[in-house]
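J.: Okay, here's the structure, questions in a sec.
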């Protein structure tokens, strides 16, 4: 039996290099009509604001634990996704900071994602790397049937959602 009187403390976790970039993360499944709204918004923003400094537009699809790396690497996160708001289809609402945390952890669960946004935020929080600035731009869906484009009500709301995201980006960068 080998014993040792020398004890070593585990090395502290290596710090994650946080970027000054605002990560705009679009979530959803583009094959289920309104469920793809977040992805459609991010694609439109990526086209109209290509090359915008300090902003990254990311198609997060239907979520995966791999997105945790992108979330913990930023200090400013805007998520765009459908949300059960209890409102008319196409309604756009913003939940920022603690209001976002509360909504994603206690709001109605209608997600078809493999991993929930609440799961990803919990991972970041457990690592002590929850983005300081965070917002959810939620769009009330009408339908999750098969189809590669949102219903009319949600499609008409996409420009409003794009404008809302960019208002947040500008405010955070000021």
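J.: Which three numbers, in whole Å and largest first, are the semi-axes of the equivalent ellipsoid of the range 61-101 derived from its Cα gyration tensor as √(5λ)? Show your work: numbers first, answer last.
T.: Working: eigenvalues 107, 37, 12 Å².
Taking √(5λ) for each eigenvalue gives 23, 14, 8 Å, largest first.
J.: Using a 10 Å cut-off around each Cβ, can you sort 49, 40 from fewest to most neighbouring Cβ atoms? Walk me through the intermediate numbers first.
T.: Values: 49 15, 40 24.
Going from least to most buried by this count: 49, 40.
J.: If each residue's Cβ is checked for other Cβ atoms within 10 Å, how do 94, 165 rank with the fewest at the top? List each step's numbers first, then the result.
T.: Numbers: 94 16, 165 27.
In order of increasing Cβ crowding within 10 Å: 94, 165.
J.: In whole angstrom, and with the biggest value first, how far do the Cα coordinates of the range 114-174 range along each principal axis?
T.: Each principal axis gives a Cα extent; for the range 114-174 these are 40, 34, 15 Å.
J.: Using the Kirkwood formula on the Cα atoms of the range 34-91, what hydrodynamic radius do you get, in angstrom to one decimal? Could you put the intermediate results ahead of the total?
T.: Details: mean 1/r = 0.0773 Å⁻¹.
One over the average 1/r among Cα pairs gives 12.9 Å for the range 34-91.
J.: Over what distance in Å are the Cα centres of the range 67-87 and the range 23-51 separated?
T.: Computed from Cα coordinates, the inter-centre distance equals 12 Å.
J.: State the Kirkwood hydrodynamic radius of the range 20-172 in Å, one decimal place, computed from all pairs of distinct Cα atoms.
T.: Details: mean 1/r = 0.0665 Å⁻¹.
Computed over Cα pairs of the range 20-172, the Kirkwood hydrodynamic radius comes out at 15.0 Å.
J.: Using every alpha carbon pair in the range 68-158, what percent of pairs falls into each 5 Å bin from 0 up to the bin containing the largest distance?
T.: With a bin width of 5 Å, the distribution comes to 3, 14, 23, 23, 17, 12, 7, 2, 0.
J.: If you don't mind, another one. Sort 78, 123, 71 so the one with the fewest other Cβ atoms within 10 Å of its own Cβ comes first.
T.: Lowest count first: 123, 71, 78.
Just so you know, all these numbers are worked out from the coordinates, no wet-lab data involved. Note that the structure is predicted; figures quoted are calculated from it, not measured. Cβ sites come from the backbone with ideal geometry, for glycine too, and all protein chains shown count toward neighbours.
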